[in-house]
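K.L.:
The structure under discussion is supplied below as structure tokens; questions concerning it will follow.
Throughout, read-outs are computed from the coordinates displayed, never taken from laboratory work. Just so you know, these numbers come straight off a predicted model, no measurement behind them. Reconstructed Cβ throughout: ideal geometry from the backbone, glycine too, with neighbour counts over all protein chains shown.
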Amino acid sequence: MSDELQLYAMTCGWLSLPEVALIEGGASEDLRIPVPCYLIVHPRGTALFDSGLGIVCQEQADEYMGDFASLMRVEFLPGEEIRTRLERIDIDAARVDYLINSHLHFDHAGGNEQVSEARLIVQKREWEAAHEPDLIAAIGYKPVDYDLGHELITVEGEHDVFGDGSVTCIPSYGHTPGHQSLRVTLAGGDVILTGDACYLRATLEELRLPPGAAFDRDAMLESLERFRALKARGARIFYGHDPEFWQGVPQAPARIA
């Protein structure tokens, strides 16, 4: 793939919660995890994978989080929101072409309002689940994050974002009904942005799922097996919230090679 394709990683806040909430057999002590977002600059446009936390989490985090406030602590300072992160690499959030949500939880879609003119790419089954009252309550969706009037592209299964195979949404169901990950083909090979389909390195290496955070455990295991197969073929796996892994990920304005 041409080196014209550029991939940037950005930290848009931090969450602290018990490790055991993320992985079976984890410690009861809090683990401080990053909230990642990624920008792809392609010759045919720009695409953002996840938008991070919403600005409301800088101002009224406990009120916004509701019941989740007792489970996790939010660290989200002015300047860490996606709009400002993008400005630092000379990208206007209002001019991003595509916004790809891995899923519609608050730490992945909370910044959608800042990317107001993008076409929103989401799995059809995720969009439908996030508008079903029972599932909104059961899974923890917040429609205020994503029901914002974006031009919508609902996809079923794999979706080639730019039409040349370089940026592809891949289904990775399980964490939520319609979770998707992203395969980005760089000059150095494929990178898989897993989102919450794979929180930590140990999730993949030991197949240790989050105890209560999977909508469909069997589907989540199938997704992990797919990541394992991709890794065996040379793909680099970018774990969704692994703080140790994240320390080695170049942050924008540096590019991921």
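K.L.:
For region 1-144, what D do you get in µm² per second when you plug the Kirkwood radius from alpha-carbon pairs into Stokes-Einstein at 25 °C and 0.890 mPa s?
P.N.:
Working: Rh = 16.1 Å.
Reported coefficient: 152 µm²/s.
K.L.:
Which ³J(HN,Hα) values, rounded to whole Hz and listed in residue order, are derived for region 61-78 from phi using the Karplus coefficients 6.51, -1.76 and 1.60 in 6.51 cos²θ - 1.76 cosθ + 1.60 with θ = phi - 60°, glycine and proline given as x?
P.N.:
4, 5, 5, 5, 5, x, 4, 5, 4, 7, 9, 9, 10, 9, 10, 8, 9, x
K.L.:
Give a quick list of trypsin sites (Lys or Arg not before Pro) in region 109-184 that DSSP marks as loop, anything other than H, G, I, E or B, with at most 13 other Cβ atoms within 10 Å.
P.N.:
Those that pass, being in a loop and sparsely packed, number zero.
K.L.:
What fraction of the DSSP beta bridges in region 6-246 is antiparallel, stated in percent and rounded to the nearest 5? Kindly include the intermediate steps, with their values, before the conclusion.
P.N.:
Details: 31 of 45 bridges.
The antiparallel proportion sits near 70 percent.
K.L.:
Something else: With all pairs of different alpha carbon atoms counted, what Kirkwood hydrodynamic radius in Å does the chain show? Show your work: numbers first, answer last.
P.N.:
On the way: mean 1/r = 0.0555 Å⁻¹.
Across the chain, the inverse of the average 1/r is 18.0 Å.
K.L.:
Sorting MET220, MET72 on the 10 Å Cβ count, fewest up front, what's the list? Write out the running numbers ahead of the final one.
P.N.:
Details: MET220 25, MET72 16.
Fewest-to-most Cβ neighbours within 10 Å comes out as MET72, MET220.
K.L.:
Let me ask something else. Rank ASP242, ASP67, ASP50 by mean-square fluctuation in a GNM of the chain with C-alpha springs under 10 angstrom and give only the top-ranked residue.
P.N.:
Highest fluctuation of the listed residues: ASP67.
K.L.:
Report, by chain and number, residues whose modeled amide H sits under 5 Å from the one on ASP190, excluding near sequence neighbours (fewer than 5 apart, same chain).
P.N.:
The answer is ARG236.
K.L.:
In nanometres, what is the gap between the two model label sites at ALA257 and ALA229, each 7 Å from Cα along Cα-to-Cβ?
P.N.:
Distance between the two pseudo-spin positions: 3.1 nm.
K.L.:
Counting other C-beta atoms within 10 Å, which of HIS103, HIS241 has the fewest, and how do the rest follow? Each step should come with its number before you reach the end.
P.N.:
Values: HIS103 28, HIS241 24.
Neighbour counts put them in this order, fewest first: HIS241, HIS103.
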